[in-house]
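See below for the structure under consideration.
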Amino acid sequence: MHIGLQIPSFKVSGGSAAIRPGLKDVVTTAEASGFYSVWVMDHFYQIDNLFGEKYTDPMMEAYTTLGYFAGLTEKVRLGVMVTGVIYRVPSVLLKMVNTLDIVSGGRAYFGVGAAWYQGEAEGFGINYPSTSERFEWLEDTLQLAHQLWEGDETSFAGKQFSAPRMTNNPRPVSSPHPRILIGGSGPTKTLRMTAQYADACNLFEPNGLDKMQQALDTLKEHCEKLGRNYDDIEKTSLGTAHLTAGEDTVDSILERLKTLSKMGITHAIFNLPNVYDLTPLETFAKEIIPAAAAL
């Protein structure tokens, strides 16, 4: 099993000037510790009550941040968990994903979802369509990604977005393309699109193991209907580890990983709320990542 790190906060002591060195310490330590992937959220507001934070707390733009991470690292995979599809024009978004893949040497995931934070979108002047329209945006983007990555130039006409003349130059380094990860467990649309278009899924551990298993079962059903090999889709999870806060222990996390592994999860990603003190990363390096590799 692979272990990933999500950095959920940019609130560091010392204000804006301290964010850059703080992130450098975290990301380089994560790579040296054996983490397989590093992720950031795609938000412009912080999430209220996330580890005690407020919506006005610091939040960095995701793809610019990952570009910085690409220059700091050589091995760790990089991704957004997950891109809100309505926040950027799909053609420009795919150019950004290509760019991240190139500057990272082929280490980009394209994490994407239908977006959910209505207050954030409206607060930043971004149109927040109905649920059905947002899923049409998502499917347009997924179709466009596959169509664009198959050649050097394409035109596209979808339900919500059209582009008459897109170029795929420079091409991404990943072969055949950056891994597409869809976040969410909606049984009708999200998991069907995962089966049809994605290389990986992401399920939210706090939703509970029963719901995660239901989502995996539904994904398998969609794969069977579409003629897709279920085993070709990477199964990832997102949870939180409160190591230094005393809520979790190494043993409790390892038990969680064993359970996830039995379900078929091969890549477990963790928020570490107090990641800037580096201690949780060191604990993962010494006691959790080596044990997880054997699962």
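The values are calculated or read from the model by the stated rules, or taken from the named source; none is laboratory data. For clarity, every value in this text was computed on a predicted model and none was experimentally measured. Heads up, the Cβs are rebuilt from the backbone with ideal geometry, glycines too, and the neighbour counts pull from every protein chain shown.
The table below gives the values:
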| item | result |
| --- | --- |
| Checklist (1) within 17 Å of the chain's Cα centre (by Cα); (2) closer than 27 Å to I19 by Cβ applied to V103, failing item | (1) |
| Residue within the stretch 218-239 that is among the basic types (K, R) and within 16 Å of G183 (Cβ to Cβ) present | yes |
| Residue ID - surrounded by the most Cβ atoms within 10 Å (Cβ to Cβ), chosen from residues in the stretch 128-149 that are more than 16 Å from K95 (Cβ to Cβ) and without any contact (Cβ under 8 Å) to a residue 40 or more places away in the chain | E136 |
| Set A108, A114, A121, A32: member being within 14 Å of P178 (Cα to Cα) and of a type outside the set (K, R) | A108 |
| Enumeration of residues in the stretch 193-211 that are surrounded by fewer than 20 Cβ atoms within 10 Å (Cβ to Cβ) and either of a type in the set (S, T, Y) or more than 21 Å from L260 (Cα to Cα) (or both) | Q196, Y197 |
| For H267: the one exception among (1) modelled with pLDDT of 95 or more; (2) touching a helix residue (DSSP H, G or I) at 6+ places or on another chain (Cβ under 8 Å); (3) of a type outside the set (D, E) | (2) |
| Qualifying positions in the stretch 160-192 - of a type in the set (A, V, I, L, M, F, W, C), in contact with a Gly (Cβ under 6 Å, 6 or more places away or on another chain) and surrounded by 20 or more Cβ atoms within 10 Å (Cβ to Cβ) | L181 |
| Unmet requirement for L191, which otherwise passes all of (1) assigned to a strand (DSSP E or B); (2) touching a His at 6+ places or on another chain (Cβ under 6 Å) | (1) |
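Residues checked against (1) closer than 23 Å to G239 by Cα; (2) touching a Cys at 6+ places or on another chain (Cβ under 7 Å); (3) aromatic (F, W, Y); (4) at pLDDT below 95:
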{"residue": "V173", "(1), (2), (3), (4)": "no, no, no, no"}
{"residue": "P178", "(1), (2), (3), (4)": "no, no, no, no"}
{"residue": "G183", "(1), (2), (3), (4)": "yes, no, no, no"}
{"residue": "L191", "(1), (2), (3), (4)": "yes, no, no, no"}
{"residue": "T194", "(1), (2), (3), (4)": "yes, yes, no, no"}
{"residue": "A200", "(1), (2), (3), (4)": "yes, no, no, no"}
{"residue": "E205", "(1), (2), (3), (4)": "yes, no, no, no"}
